[in-house]
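Scroll down for the structure; my scribbles are underneath it.
The values are calculated or read from the model by the stated rules, or taken from the named source; none is laboratory data. Quick caveat: nothing in here was measured; it's all calculated off a predicted structure. Neighbour counts are summed over all protein chains in view; Cβ atoms, including those assigned to glycine, are modelled from backbone coordinates with ideal geometry.
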Amino acid sequence: SPRQINRWPSNESEPPTDSPRVLITGGLGQLGVGLAEMLRKQYGKENIILSDIRRPPAEVYNMGPFVYADVLDYKNLRELVVNNRITWLVHYSALLSAIGEANVALARTINITGLHNVLDLALENCLRLFVPSTIGAFGPSSPRDPAPDLCIQRPRTIYGVSKVHAELMGEYLHHKYGLDFRCLRYPGVVSAHTKPGGGTTDYAVQIFHDALSTGHHECYLRSNTRLPMMHISDCHRATIEFMQAPESQLSLRTYNIAAMSFTPEEVAEEIRKHLPHLRVTYNPDTIRQTIADSWPVRFDDSNARQDWGWKPAYGLSELVTDMLASIREQRT
Ligand code: AKB
């Protein structure tokens, strides 16, 4: 059972949302630094604390508070939450799909034991807790085109299993103890400044770097493998808007969010409008191709649109234009 459960005082209907103090775990992955940057613009630099078990590059230290946090060390997490008066927790610490299959025991520990720690911590300290889920929470028996919010979920990766577990645990604790649990199922996220690590959708970032460096990308998926994808700034905006949404607007605690779906062939064709000489060869690897074939090709995000107003800003052509411009700028 949870370590300790504290309910938010009944004379206050919700924790204050106008001035949150936010802790982000796994902050040095693909998403943490950008989310912290966007949150800091709204809520002030000192109120957003980024954390990880790795030492960050100097520019991350200069951007705002950074602390060491190990999601497997409950005492360390509790100390951070208490000492820093944290009210929102964004739990980004996880091993992704492909790397999880190569390290099942580690993925189980980080993605499941780590999650249990943050759930307990959130209950004990009345935190609003955000845990990302993913297209990877679906499997071959799920409806794939489109996948709705509520349907059969029998993923075949440890990553997917851990994310379904997170969705169910969070929702259970919400219904039983009132935990303010919020979860978005992210598509593959495409970003210029940060690289994903160990995912099945990583090619959709690498292809831009290859297009601008060697002009050749070798893709580990088949040319016609369609997956849901999203520009990183849409992903950050969705996360923040969802965290800010009043409880009364949420008919679910776990929502799909979508922006676009494309195949390697289609994104390559769009890049060729800017770089006509891009050459792509296909050399599917069994693990990642099998994973991709079991995931939805499209997400139905109509509930997110209806309940809290989700709307993406980037389609495929905007994403390609922005990625090429941002990577070019980085290279100069
Ligand atoms: C992965 O490919 O594992 C992730 C995801 C879709 O959750 N990017």
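Considering every residue within region 184-192, establish whether at least one is under 22 Å from Tyr282 (Cβ atoms) and more than 13 Å from the ligand (Cβ to nearest atom).
The first filter runs over region 184-192 and keeps only residues under 22 Å from Tyr282 (Cβ atoms), leaving 187-188, 190.
Next, from what is left, pick out any that are more than 13 Å from the ligand (Cβ to nearest atom): none.
Looking through region 184-192, none of the residues is under 22 Å from Tyr282 (Cβ atoms) and more than 13 Å from the ligand (Cβ to nearest atom).
Scanning region 169-193 for residues that are of a type in the set (A, V, I, L, M) and more than 12 Å from His116 (Cα to Cα) returns Leu179, Leu184, Val189, Val190, Ala192.
The number of residues in region 94-124 being away from the ligand (no atom under 14 Å from the Cβ) and either buried (at least 19 other Cβ atoms within 10 Å of the Cβ) or of a type in the set (A, V, I, L, M) (or both) comes to 13.
Scanning region 288-300 for residues that are touching a strand residue (DSSP E or B) at 6+ places or on another chain (Cβ under 7 Å) and either more than 15 Å from the ligand (Cβ to nearest atom) or among the hydroxyl-bearing types (Ser, Thr, Tyr) (or both) yields a single hit, Asp300.
For region 279-287, does any single residue satisfy the condition of being outside any loop (DSSP other than H, G, I, E, B), touching a strand residue (DSSP E or B) at 6+ places or on another chain (Cβ under 9 Å) and among the charged types (D, E, K, R)? Walk me through how you get there before you give the answer.
Of region 279-287, the ones outside any loop (DSSP other than H, G, I, E, B) are 279-282, 286-287.
Then keep just the ones that are touching a strand residue (DSSP E or B) at 6+ places or on another chain (Cβ under 9 Å); that gives 279-282.
The next check asks that each one be among the charged types (D, E, K, R); those that pass are 279.
Yes, because at least one residue in region 279-287 is outside any loop (DSSP other than H, G, I, E, B), touching a strand residue (DSSP E or B) at 6+ places or on another chain (Cβ under 9 Å) and among the charged types (D, E, K, R).
Here is the figure for region 250-292: residues that are within 30 Å of Glu171 (Cα to Cα) and aliphatic (A, V, I, L, M) total 8.
Among the residues of region 253-261, is there at least one that is in a loop (DSSP other than H, G, I, E, B) and surrounded by fewer than 21 Cβ atoms within 10 Å (Cβ to Cβ)?
To start, the set of residues in region 253-261 that are in a loop (DSSP other than H, G, I, E, B) comprises 253, 257-259.
After this cut, where a residue has to be surrounded by fewer than 21 Cβ atoms within 10 Å (Cβ to Cβ) as well, the list is 253.
So far as region 253-261 goes, yes, one or more of its residues are in a loop (DSSP other than H, G, I, E, B) and surrounded by fewer than 21 Cβ atoms within 10 Å (Cβ to Cβ).
From the list Ser233, Ser251, Ser261, Ser223, the one residue that fits, being among the small types (Gly, Ala, Ser) and farther than 22 Å from Thr200 by Cα, is Ser251. If you go through region 68-97 and pick out every residue that is without any contact (Cβ under 8 Å) to a residue 40 or more places away in the chain and under 22 Å from Gln30 (Cβ atoms), you end up with 2. Quick one: would you say Glu247 is in contact with a Leu (Cβ under 6 Å, 6 or more places away or on another chain), more than 16 Å from the ligand (Cβ to nearest atom) and not hydroxyl-bearing (Ser, Thr, Tyr)? When the stated conditions are applied, Glu247 does not pass them.
Taking first residues from region 256-276 that are at pLDDT 95 or above and partners that are aromatic (Phe, Trp, Tyr) and outside any loop (DSSP other than H, G, I, E, B), the Cβ contacts under 6 Å between residues at least 6 apart in sequence or on separate chains come to Asn256/Phe299; Ala258/Phe299. Residue pairs whose Cβ atoms lie under 9 Å apart, sitting 6 or more positions apart in sequence or on different chains, and linking a residue in region 125-145 that is within 30 Å of Glu79 (Cβ to Cβ) to a partner that is acidic (Asp, Glu), are Cys126/Asp180; Leu127/Asp180; Arg128/Glu14; Arg128/Asp180; Leu129/Asp180; Val131/Glu167; Ser133/Glu167. Screening Gly170, Gly136 for residues that are surrounded by 17 or more Cβ atoms within 10 Å (Cβ to Cβ) and touching a Ser or Thr at 6+ places or on another chain (Cβ under 7 Å) leaves exactly one candidate, Gly136. Given the structure, is Gly170 within 18 Å of Tyr92 (Cβ to Cβ), more than 13 Å from the chain's Cα centre (by Cα) and more than 8 Å from the ligand (Cβ to nearest atom)? Taking the combined requirement at face value, the residue satisfies it.
Pairs meeting the criteria (first residue in region 299-318 and within 13 Å of Pro148 (Cβ to Cβ), second residue at pLDDT 95 or above and in a helix (DSSP H, G or I), beta carbons under 7 Å, at least 6 apart or on different chains) are Phe299/Ile135.
Regarding Leu127, is this residue buried (at least 20 other Cβ atoms within 10 Å of the Cβ) and within 20 Å of His91 (Cα to Cα)? Considered against the rule, which asks whether it is buried (at least 20 other Cβ atoms within 10 Å of the Cβ) and within 20 Å of His91 (Cα to Cα), Leu127 comes out as yes.
Please tell me if Gly44 is among the small types (Gly, Ala, Ser), in contact (Cβ under 8 Å) with a residue 60 or more places away in the chain and farther than 17 Å from Asp180 by Cα. Before the answer, list the steps.
Details: among the small types (Gly, Ala, Ser): yes; in contact (Cβ under 8 Å) with a residue 60 or more places away in the chain: no; farther than 17 Å from Asp180 by Cα: yes.
For Gly44, the condition - among the small types (Gly, Ala, Ser), in contact (Cβ under 8 Å) with a residue 60 or more places away in the chain and farther than 17 Å from Asp180 by Cα - is not met.
Output yes when any residue across region 230-245 is under 24 Å from Pro143 (Cα atoms), in contact (Cβ under 8 Å) with a residue 40 or more places away in the chain and surrounded by fewer than 23 Cβ atoms within 10 Å (Cβ to Cβ), and no when none is. So far as region 230-245 goes, no, none of its residues is under 24 Å from Pro143 (Cα atoms), in contact (Cβ under 8 Å) with a residue 40 or more places away in the chain and surrounded by fewer than 23 Cβ atoms within 10 Å (Cβ to Cβ). Restricting to region 124-147, count the residues that are in a loop (DSSP other than H, G, I, E, B), over 20 Å from the mean Cα position of the chain (by Cα) and closer than 30 Å to Asn84 by Cβ. Summing the residues that are in a loop (DSSP other than H, G, I, E, B), over 20 Å from the mean Cα position of the chain (by Cα) and closer than 30 Å to Asn84 by Cβ in region 124-147 gives 1.
Residues to consider are Leu77, Leu35, Leu39; find the one that is hydrophobic (A, V, I, L, M, F, W, C), part of a helix (DSSP H, G or I), touching a His at 6+ places or on another chain (Cβ under 6 Å) and at pLDDT 95 or above.
Leu35 is the lone residue from the list that is hydrophobic (A, V, I, L, M, F, W, C), part of a helix (DSSP H, G or I), touching a His at 6+ places or on another chain (Cβ under 6 Å) and at pLDDT 95 or above.
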